[in-house]
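Worksheet: one structure, shown below.
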Amino acid sequence: MAQIKTYARLKPTKKAYNGYVISKNVLTMHIPDNKDFVILGPQNNLRSNFSYDILFTNIFGSEASQEEVFDGVARDIIQNFLNGYNGTIFAYGQTGTGKTYTVEGNTNRYSSRGLATRALSMIYQELEKRSDQHISVYLSYLEIYQEVAYDLLNPAARSMIPIAPFARVTVVEGPRGSCILRGLSLHLAANEEIAQMLLLQGQANRKVAETPVNQRSSRSHAVFTVYLQVRKHDSDVLVNSKLHLVDLAGSERVSKTGVDGQQLTEAKSINLSLHHLETVIIALQLDKPTSAVGRGDNPPQQSKSNSSLMSSGPSSDNGGSRQLRFVPYRNSLLTMVLKDSLGGNCLTAMIATISLEPENLGESISTCRFAQRVACIANNARKNEEVDDKAMIKRLKNKVAYLENQVALLRSK
Ligand code: ADP
Ligand code: MG
């Protein structure tokens, strides 16, 4: 069992709120004496005007490069993915704080390449070293917008003829609680060039659906997935793993967005699906004994003051009791797709993108509070190995045929 690792990435700014103190992995926030920030203290007493510590696995400061973020967050997960373990990295935070920059990167500058591009480079470089294996790499790119799932790489979109509407994807529950994505195209990518091209096409398609009025890409969740299938020569064992790189919609609260009509519907469904994500995380967090917090190889965040930050959104406080809870994965498409990644068979990391500007303090508190909960979730990643029945039957048939030949040869002598 390993806890989900949580990282903070701070967006560069010239006018940071002076109530932040940043060390290697602790972000200290001074909560001002202000009724907008209601803090529940250890004895359920309301507190304000105090400092609150949030522990991360690591904090990437404003000056951190894309390479540093990749090395710090993704390299280990990808190495494990190459060895048969599922991996997920997701970016969570307010709109404009750098989620897309972190996951997709900026195509203008080579040094600004994001996690997805760098992940593909690393994957193909490592796979090139393996000559004793049959390897297949497939890619898919899913977008969830207003509780509808779309395929960003469907054939019509790939040919670059009028792209919208994208093919719809149906998300259903499969055997043993698995998630089946009907209608999501899988693309075999024989080399890095093909893979990078598919990634770029998916990213471009996501952008194309957007107009200046409709900031669709900030309001949708995008899940880029790499599937790896490996079989050693002369072996019947298949190793399957998948890597999700997730750029979530902006996490800001509806009340602050001040929108109406179509945009309000969007804001509601963004928040609804992030609300369901939070509900799943709370259920998973509460499954764990509270005493486990802070132990293990990957210490999760914990508050020195043992306070919980109460801003808007669902409350998790139930006196810290421990019960096995129903985890409501099926309440939204996002939580169904990420079921393995949250409390399941996966090595997962979260990057909380944070703005240090004073007017964003409320949202930053909310992002940190979310990260604190995520850090309490334990996943149980295991190597995905299975015997390939078809390969085994084929090998045994060949063997029988060979032995029959030998017998016939000996008889004829
Ligand atoms: P989000 O996806 O969270 O809404 P974006 O990734 O689109 O935010 O970032 C908003 C803007 O800020 C973009 O122009 C992006 O290039 C820039 N930006 C975000 N984070 C960084 C960073 N760490 N370094 C440099 N520029 C950044
Ligand atoms: Mg974005």
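Annotation for Ala16 and Arg395: the two label points, set 7 Å from Cα along the Cα-Cβ direction, are 5.6 nm apart. For the set Lys390, Lys232, Lys24, solvent exposure ranked by accessible area (probe 1.4 Å, protein chains only) runs largest to smallest as Lys390, Lys24, Lys232.
Each other residue within a Cβ distance under 9 Å of Ile59 adds +1 if Lys or Arg and -1 if Asp or Glu, for a net charge of +2. The 1.4 Å probe gives accessible areas that order Tyr138, Tyr17, Tyr7, largest first, as Tyr138, Tyr17, Tyr7. Residues whose amide H lies under 5 Å from that of Thr88, counting only those 5 or more places away or on a different chain, are His244, Leu347, Thr348, Ala349; hydrogens are built 1.01 Å from N in the peptide plane. When a 1.4 Å probe is rolled over the protein heavy atoms, the share of accessible surface on region 370-413 that falls to carbon and sulfur comes to 55 percent. What the Cβ-Cβ distance of Val172 and Glu386 gives, at R0 = 22 Å and to the nearest 0.05, is a FRET efficiency of 0.50.
Spatially, region 392-406 and region 111-141 are offset by 36 Å when compared through their Cα centroids. According to a simple spin-label model (label point 7 Å from Cα along Cα-to-Cβ), what is the distance in nm between Asn49 and Asp71? Those two pseudo-labels are separated by 4.5 nm.
A probe of 1.4 angstrom, applied to the heavy atoms of all protein chains, finds Ile281 with accessible area near 0 square angstrom. Other residues lying with their Cβ under 15 Å from the Cβ of Gly174 contribute a combined charge of +3, Lys and Arg counting +1, Asp and Glu -1.
Here each label is just a point 7 Å from Cα along the line to Cβ, and for Asn191 and Leu403 those points are 4.3 nm apart.
The residues packed around Glu404, meaning those with a beta-carbon under 12 Å from its beta-carbon, carry a net charge of +3 if Lys and Arg are +1 and Asp and Glu are -1.
The peptide list 72-78, 86-92, put in order of mean Cβ contacts within 10 Å with the highest first, becomes 86-92, 72-78.
The values are calculated or read from the model by the stated rules, or taken from the named source; none is laboratory data. Note that the structure is predicted; figures quoted are calculated from it, not measured. All Cβ positions, glycine included, derive from the backbone under ideal geometry; neighbour counts span all protein chains shown. We work out accessible area using only protein heavy atoms, side chains counted, and drop any ligands, DNA or RNA first. Shrake-Rupley method; radii C 1.70, N 1.55, O 1.52, S 1.80 Å.
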